[in-house]
Amino acid sequence: MIKTIKKVDIHVNDEGYLTDFSQWTKEIGEEIAKEYEIEMTDKHWEVINWIQEQVKTNKALSIRGIKKSGVIDIKQFYALFPGGPLKVSTKIAGVPKPKSCI
Amino acid sequence: MGKTKVRKMLFILSKATIENVYAAFIMANGARMEGIESEIFFTFFGLEAIQKKKLEHLRVATVGNPAMHIPTMLGGLPGMEALATKMMKKEMEKLDMPPVSEFLEILTDSGCKLWACKLAVEMFHLKKEDLIDDIDGILTVGDFYARADQDNTHLLFI
């Protein structure tokens, strides 16, 4: 599927996750965040950077991993990305939706 | 911002075997991860999962569990439960499943509410200090139903 964000055509899957990370920019992340009524702050970006780093190094994302991340605790994570934090944050980060059940 | 049609999942955990406790925890955590509210009501043996002294000693049932593929007579031998439990915990660790105490922390941090059943607490002669500090309270069945009295709420008995 093609989605146009800020006049740029982006490849996404049927759930709206980017299928080609090379197309990701901070502006695109910001626009996706707006769909969830999230105004990105430095703390949001810190989490997004951490998530992208994890994916780059092939580490599985989970809520337990967030707890151990040292970047953010679970309570804050839910507060920053309401409505399913891992689902929402990975979409903003331009990485695939995590497949783990935990 | 919850956009899901299911708004709230309420779990009633009545058993203390590892497989049942984890089923409830994984489902309740999974709900939160999808932006769905979740709560767990611990009743009868399910209360063991929130008792400070017992929660790290939950076990797999080796007797009366055909899926274990152990003959019932063998399943009853001393040490069988401990062995099966050890093996299962090892497999769970491989999948990065947290131990019970850590899982309870994750649940409360995620906003999942944990309730103890008043009747069961009285029946087992438990005091508030026997239970983990993180529980949200001790409820009657009526209180719990009141929490379910909303649109798009589901109750699940485990």
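The values are calculated or read from the model by the stated rules, or taken from the named source; none is laboratory data. Quantities reported herein were computed from a predicted structural model and do not represent experimental measurements. In this analysis, Cβ positions are derived from the backbone assuming ideal geometry, glycine residues included, and neighbour counts consider all displayed protein chains.
For segment A:28-42, a residue qualifies if it is under 13 Å from the mean Cα position of the chain (by Cα) and more than 14 Å from chain B (Cβ to nearest Cβ), and the qualifying residues are A:28, A:29, A:30, A:31, A:40.
To keep it simple, each residue is scored yes or no on (1) crowded, with 19+ Cβ neighbours inside 10 Å; (2) at pLDDT below 95; (3) of a type in the set (A, V, I, L, M); (4) within 14 Å of the chain's Cα centre (by Cα).
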site	(1), (2), (3), (4)
A:10	yes, yes, yes, no
A:45	no, no, no, yes
A:49	no, no, no, yes
A:59	no, yes, no, no
A:82	no, yes, no, yes
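The one condition from (1) within 11 Å of chain B (Cβ to nearest Cβ); (2) crowded, with 19+ Cβ neighbours inside 10 Å; (3) in contact (Cβ under 8 Å) with a residue 24 or more places away in the chain; (4) not hydrophobic (A, V, I, L, M, F, W, C) that residue A:76 does not meet is (2).
Just one of (1) of a type in the set (A, V, I, L, M, F, W, C); (2) part of a strand (DSSP E or B); (3) under 21 Å from residue B:23 (Cα atoms) fails for residue B:120. It is (2). Residue A:94 falls short on exactly one of the conditions (1) in contact (Cβ under 8 Å) with a residue 40 or more places away in the chain; (2) at the interface with another protein chain (Cβ under 8 Å from one of its Cβ atoms), and that condition is (2). Take residue B:67 and decide whether it is among the small types (Gly, Ala, Ser), in a helix (DSSP H, G or I) and in contact (Cβ under 8 Å) with a residue 24 or more places away in the chain. Considered against the rule, which asks whether it is among the small types (Gly, Ala, Ser), in a helix (DSSP H, G or I) and in contact (Cβ under 8 Å) with a residue 24 or more places away in the chain, residue B:67 comes out as no.
Do the conditions hold for residue B:84, that is, is it part of a loop (DSSP other than H, G, I, E, B) and more than 14 Å from every other protein chain (Cβ to nearest Cβ)? Spelling it out, it is not the case that residue B:84 is part of a loop (DSSP other than H, G, I, E, B) and more than 14 Å from every other protein chain (Cβ to nearest Cβ). Using the structure shown, decide if residue A:39 is loosely packed, with under 15 Cβ neighbours inside 10 Å, at pLDDT 95 or above and of a type outside the set (Phe, Trp, Tyr). For residue A:39, the condition - loosely packed, with under 15 Cβ neighbours inside 10 Å, at pLDDT 95 or above and of a type outside the set (Phe, Trp, Tyr) - is met. Where helices (runs of 4 or more DSSP H) fall wholly inside segment A:16-102, the ranges with 2 or more residues that are closer than 23 Å to residue A:3 by Cβ are A:26-35, A:42-56, A:85-93. Confirm whether residue B:16 is away from every other protein chain (no Cβ under 14 Å), under 24 Å from residue B:128 (Cα atoms) and either touching a helix residue (DSSP H, G or I) at 6+ places or on another chain (Cβ under 9 Å) or at pLDDT 95 or above (or both). Taking the combined requirement at face value, the residue satisfies it.
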